[in-house]
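A.B. asks: Handing you a structure now.
Every read-out reported here was derived from the displayed coordinates using simple, explicitly stated rules and does not represent laboratory data. If you're wondering where the values come from, they're calculated on a predicted model, not measured in any experiment. Cβ atoms come from the backbone with ideal geometry, glycine included; neighbour counts cover every protein chain shown.
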Amino acid sequence: MATTMQEKDVRSRVLALLTEIAPDIDPATIDPKRELRDQVDFDSMDRLHFAVAISEAFHLDIPEQDYAQLGALQTACEYVQRRSGGS
């Protein structure tokens, strides 16, 4: 049960960061499994800013090679959960 709440909290925070980076994004229209760049105007600079925002919000060191894992909402949330609670 605590994990479910943690998952909801992570998703909520990641989604809030996403809309701060790209305010024109309507969170209700985001398909969490699809790459953001395929759904909205989300370029490589947006991805960089998104990675930095996630890094700061969750106190994670995110190596550049991991940025691809932040390309979709679901994979970004899974990445944060794995890095912050997993090991």
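A.B. asks: Select from segment 1-50 the residues that are within 13 Å of the chain's Cα centre (by Cα) and of a type in the set (A, V, I, L, M) and list them in ascending order.
C.D. replies: Hits for segment 1-50 are V10, V14, L15, A16, L17, L18, I21, A22, I30, L36, L48.
A.B. asks: Follow-up question, since we're still on this one. Could you run through segment 59-87 and say how many residues are touching a Phe, Trp or Tyr at 6+ places or on another chain (Cβ under 6 Å) and without any contact (Cβ under 8 Å) to a residue 12 or more places away in the chain?
C.D. replies: 1
A.B. asks: Select from segment 14-31 the residues that are under 20 Å from S84 (Cα atoms) and either without any contact (Cβ under 8 Å) to a residue 60 or more places away in the chain or acidic (D, E) (or both) and list them in ascending order.
C.D. replies: L15, A16, L17, L18
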